[in-house]
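Down below is the structure, laid out as C-alpha cells.
The values are calculated or read from the model by the stated rules, or taken from the named source; none is laboratory data. All values reported here derive from a predicted model rather than from experimental measurement. So basically every Cβ, Gly included, is an ideal-geometry build from the backbone, and we count neighbours across all protein chains shown. Note: areas computed on protein heavy atoms with side chains; ligands, DNA, RNA excluded. Shrake-Rupley method; radii C 1.70, N 1.55, O 1.52, S 1.80 Å.
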Amino acid sequence: CVIRLSKGLPGSLRPFAARFPLGFAALCGLLLALIGLVSDGASYGTGYLQARGIIDGTLHYPASFFFLKYLSILITFCSGIPGGMFAPSLAIGAGMGGWIGQFLPHTSPGAVVLLGMAAYFCGVAQSPLTATIIVMEICDNQQVTLALLATAFLAFGVSRMICPHPLYSVLATGFMEKTEQKEIQKKTAPSPETGPS
C-alpha cells in the first residue's frame with residue numbers, strides 16, 4: 001500500500017491534494033485525530049510506549065490496535081508529513097504478537113510478541129538479519145535468536161511473494177527519480193534574463 005501511495009494518491013484525491021494542499025493536510029490530521037480517539041490514544045506517536053507495554057505484559061490491546069496503527073501510518077504517509085515507519089512497524093508487530101499470544105496459552109507471551117515484531121518489521125523492510133538484530137537488541141536475550149531468525153526468514157519469503165521489491169529501496173528510487181526530474185526541469189527552464197527561446 002505504501003509503495004502504491006508513493007506513486008501518487010488514488011482517484012479524486014490527487015487533484016484535491018494538488019489544488020488544496022492545506023485542506024488535504026487538515027483532512028489527514030482530522031482522520032488521524034479520529035483514529036486516535038477510536039484507539040483511545042494508542043495510535044498516536046511512534047509506538048515505543050505501546051510496544052514496551054505489550055512486551056512487558058502491562059498493556060493489552062485489541063486486534064484493532066495494529067490495524068488502526070497501520071491505517072495511521074498510511075494517512076501520515078499520504079499527508080507528506082515525515083512520520084517514519086520504523087518504530088510504528090515494531091509497534092504493529094508487537095500488537096499482532098500480543099494478540100496472537102492469547103491464542104497460544106502454552107507459550108511465553110513476551111516471546112510471541114518479539115516474534116511478531118521481527119516478522120512484521122522484516123515483512124516491511126525485507127531484511128531478515130536486520131529485523132533479527134534489532135529485536136534481539138530490544139529484548140537483550142540471545143536465547144531467542146534462532147526463533148527470531150526463523151520467523152524473520154519466513155516473513156521475508158511471504159513478503160517477497162506479496163511484493164517482490166523491498167519498500168525502502170522502492171521509496172529511495174522514487175525519491176531519486178523525482179529529484180532528477182526537478183534537476184532536469186531547472187536546467188531546461190528559461191532563465192529570467194534570456195526569456196523563453
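At 1.4 Å probe size, with the rest of the protein present, what percent of the exposed accessible area of segment 40-197 is carbon and sulfur atoms? Please list the in-between numbers first.
Values: 6360 of 9560 Å².
Using a 1.4 Å probe with all protein chains present, segment 40-197 comes out at 67 percent carbon and sulfur.
How high is the relative contact order of the chain, in percent, with contacts defined as C-alpha pairs under 8 Å that are six or more residues apart? Don't skip to the answer; put the middle values down first.
Working: 219 pairs, mean separation 32.7, N = 197.
This gives 17 percent for the chain.
How far apart, in nm, are the 7 Å Cα→Cβ label points at residue 173 and residue 133?
My value for the distance between the label points is 2.4 nm.
Order 38, 135, 124, most accessible first, counting only protein heavy atoms with a 1.4 angstrom probe.
Values: 38 110, 135 0, 124 25 Å².
Correct descending sequence by accessible area is 38, 124, 135.
Can you work out ³J(HN,Hα) from phi for every residue in segment 157-173, in order, using Karplus 6.51 cos²θ - 1.76 cosθ + 1.60 and θ = phi - 60°, giving whole Hz and x for Gly and Pro?
Whole-Hz 3J(HN,Hα) from phi for segment 157-173: x, 5, 4, 5, 5, 7, 9, x, 10, x, 4, 5, 5, 5, 5, 5, 4.
Helix 86-101 against the longest principal axis of the chain: what's the angle in degrees, Cα atoms only, rounded to the nearest 10?
For 86-101 against the chain, the angle is about 30 degrees.
Just check segment 68-135 against the gyration tensor rule for me: Cα atoms, a ≥ b ≥ c as the square roots of the eigenvalues, rounded for a/c under 1.5, and otherwise prolate or oblate depending on whether a/b exceeds b/c.
On the way: a/c = 3.37, a/b = 1.64, b/c = 2.05.
The shape class here is oblate.
Roughly how tilted is helix 21-38, in degrees to the nearest 10 and between 0 and 90, from the longest Cα axis of the chain?
10 degrees
If ligands, DNA and RNA are left out, what is the accessible area of residue 175 with a 1.4 Å probe, given in Å² to the nearest 10?
Rounded to the nearest 10, that gives 140 Å².
Leaving out ligands and nucleic acids, and using a 1.4 Å probe, what accessible area per residue does segment 30-181 come to in Å²?
On the way: 8450 Å² over 152 residues.
For segment 30-181, the solvent-accessible area averages 56 Å² per residue.
Using Cα atoms only, what is the angle between the long axis of helix 109-125 and the major principal axis of the chain, expressed in degrees (0 to 90) to the nearest 10?
Tilt relative to the chain: about 20 degrees.
Determine the calculated [θ] at 222 nm for the chain from helices alone, applying -39500 (n - 2.57) to every DSSP H run no shorter than 4 residues and normalising by the residue count; nearest 500 deg cm²/dmol. Let's see the in-between values first.
Numbers: 10 runs with 140 residues, N = 197.
It lands at -23000 deg cm²/dmol.
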